[in-house]
Amino acid sequence: MDMKQGADVMTVVLFSWGDRIEGGAVEALTLAAEVAAALGVEVRWVVTPALEQEAASAAALHGVQQLDVIAAAPGSTDERVSVIAGYCKAQLPRLMLFNQTVEGRVVAARVAGRLGLPVLANVVSLAPDSDALRAEASAYGGDTRAEYLLKAPRNVVSVVTTAVVARKVDPAVQVETRRVEVEPVGGGAAFEVISAPQVQGQRLEDAEIIVSGGRGLGKRENFEFVKEMADALGGMWGGSRAIVDDGWIDSSRQVGLTGKITRPGLYIALGISGASQHMAGCSAAKTIIAINTDPDASIFRYARYGVVGDCVELLPELIRAAKA
Ligand SMILES: Cc1cc2nc3c(=O)[nH]c(=O)nc-3n(C[C@H](O)[C@H](O)[C@H](O)COP(=O)(O)OP(=O)(O)OC[C@H]3O[C@@H](n4cnc5c(N)ncnc54)[C@H](O)[C@@H]3O)c2cc1C
């Protein structure tokens, strides 16, 4: 197959890996396709072999015609960085996009470092602006939005996809898949995993229903109500960083900018203030229901249904109703 090299074919590329397509990937794909169309360049989705079939179907539905399968199946973060940097070095994409998962943010920054390219994280929108790219990104821990003009010829960007709506094309496009041999750049282990997060079964990012608790629950024991409510609704449970920091729950359950980016159908926030950093991980939920004692709590700006009240008092009754 003809392997055009980067210098004469400018591309926008999105990278995905793992054993299934992460939540937010198709939103990032939509953004990549839109930016590429506006720049008049090709868009490619670069995936590892385990994702090939799933990615081919998703690419067809979202109008992305090129799927590059990188022959190596990198296992560790260090290997991923080397292989993706190798791909970029050979293919010279104009824009390298990452879906900002917890690992995506790390990989993006390290790929940029290895290639000597600029990197911007927490991006919520991106569009061409004459010869540059104009990006909007959350800043100061999500408290504000900053605008950046990316003037370098090549840029690495990681996208918080809660602000992006995935768009399907009709009819689906024909996807061309090619296998790309990659010469890794750099190497050697830089990180050692001392303790991996304890995640079993379904991932929070993929949950359709999430019941989340915050410091408003008052004490660790009350978090059991959150778990029970999640079970009763057939959903998963999560929480704010405040209670992760207080040791009530494991960090793998943290929702937010520095936790999991979720997009469930239903998000129930119990005793959560609605700080911007928390909302970065759940504002894409179709419906948010909040219970908070403070009628002025920020969470009510996002909630479709809100109850001003004590969640600890209300939860036993709600659990009974959910089980009925
Ligand atoms: C760089 C950075 C990154 C961050 N990343 C994250 C992140 O990923 N995720 C995250 O969650 N946070 C994150 N934070 C922290 C964030 O700013 C907030 O501090 C945190 O979300 C607050 O958690 P909370 O709402 O549970 O607690 P609080 O802010 O203490 O709010 C508790 C809420 O419960 C209400 N309440 C009190 N009693 C009751 C009751 N009985 N019933 C009902 N409601 C009650 C209160 O009115 C209040 O609104 C980050 C901060 C920074 C600076």
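The values are calculated or read from the model by the stated rules, or taken from the named source; none is laboratory data. Remember, it's a predicted structure, so these values are computed and weren't measured experimentally. Cβ: placed from backbone, ideal geometry, glycine included. Neighbour counts: every protein chain shown. The area values use the complete protein model at the heavy-atom level, side chains included, leaving out ligands, DNA and RNA. Shrake-Rupley method; radii C 1.70, N 1.55, O 1.52, S 1.80 Å.
Given the condition aliphatic (A, V, I, L, M) and more than 16 Å from the ligand (Cβ to nearest atom), answer yes or no: does some residue in segment 136-148 qualify?
From segment 136-148, those aliphatic (A, V, I, L, M) are 137, 139, 146; that's our starting set.
Still in the list and also more than 16 Å from the ligand (Cβ to nearest atom): none.
Checked segment 136-148: no residue is aliphatic (A, V, I, L, M) and more than 16 Å from the ligand (Cβ to nearest atom).
Tell me which of these residue 119 doesn't satisfy, since it passes every other one: (1) open to solvent by less than 40 Å² (accessible area, probe 1.4 Å); (2) modelled with pLDDT of 95 or more.
It is condition (1) that residue 119 fails.
Residue check, residue 308 against (1) buried (at least 18 other Cβ atoms within 10 Å of the Cβ); (2) in contact with an Asp or Glu (Cβ under 9 Å, 6 or more places away or on another chain), all met but one. Which one?
Status for residue 308: all satisfied but (1).
Quick one: which of 258, 287, 293 is farther than 30 Å from residue 137 by Cβ, surrounded by fewer than 20 Cβ atoms within 10 Å (Cβ to Cβ) and of a type in the set (Ser, Thr, Tyr)?
Numbers: 258 fails: farther than 30 Å from residue 137 by Cβ; 287 fails: farther than 30 Å from residue 137 by Cβ.
Being farther than 30 Å from residue 137 by Cβ, surrounded by fewer than 20 Cβ atoms within 10 Å (Cβ to Cβ) and of a type in the set (Ser, Thr, Tyr) holds for just one of 258, 287, 293, which is 293.
Quick one: residue 146 ticks every box in (1) in contact (Cβ under 8 Å) with a residue 12 or more places away in the chain; (2) not in a helix (DSSP H, G or I) except a single one, so which number is it?
(1)
Please find, within segment 238-256, the residue that is nearest to the ligand (Cβ to nearest atom) out of those that are of a type in the set (A, V, I, L, M, F, W, C) and more than 23 Å from residue 124 (Cα to Cα). First the steps, then the outcome.
Start the filter on segment 238-256 by keeping residues that are of a type in the set (A, V, I, L, M, F, W, C), which leaves 242-244, 248-249, 255.
Still in the running and more than 23 Å from residue 124 (Cα to Cα): 242-244, 248-249.
On the way: 242: 3, 243: 6, 244: 8, 248: 10, 249: 11 Å.
Looking at residues that are of a type in the set (A, V, I, L, M, F, W, C) and more than 23 Å from residue 124 (Cα to Cα), I get 242.
When you go through (1) under 30 Å from the mean Cα position of the chain (by Cα); (2) within 12 Å of the ligand (Cβ to nearest atom); (3) not acidic (Asp, Glu) one by one for residue 308, which number turns out not to apply?
(1)
Tell me the residue from 235, 281, 259 that is under 24 Å from the mean Cα position of the chain (by Cα), more than 11 Å from the ligand (Cβ to nearest atom) and not hydrophobic (A, V, I, L, M, F, W, C), please. Can you show your working first?
On the way: 281 fails: more than 11 Å from the ligand (Cβ to nearest atom); 259 fails: more than 11 Å from the ligand (Cβ to nearest atom).
Residue meeting the stated conditions: 235.
Take residue 102 and tell me if it is touching a residue at least 24 places away in the same chain (Cβ under 8 Å) and crowded, with 24+ Cβ neighbours inside 10 Å.
On the way: touching a residue at least 24 places away in the same chain (Cβ under 8 Å): yes; crowded, with 24+ Cβ neighbours inside 10 Å: no.
Criteria not met by residue 102.
Of everything in segment 262-278 that's open to solvent by 10 Å² or more (accessible area, probe 1.4 Å) and more than 8 Å from the ligand (Cβ to nearest atom), which residue is nearest to residue 105 (Cα to Cα)? Spell out the reasoning first.
Step one: of segment 262-278, the residues open to solvent by 10 Å² or more (accessible area, probe 1.4 Å) are 263, 265-266, 268, 271, 273, 275-278.
With the extra rule that they be more than 8 Å from the ligand (Cβ to nearest atom), the set shrinks to 263, 265-266, 268.
Working: 263: 18, 265: 25, 266: 26, 268: 27 Å.
The selected residue is 263.
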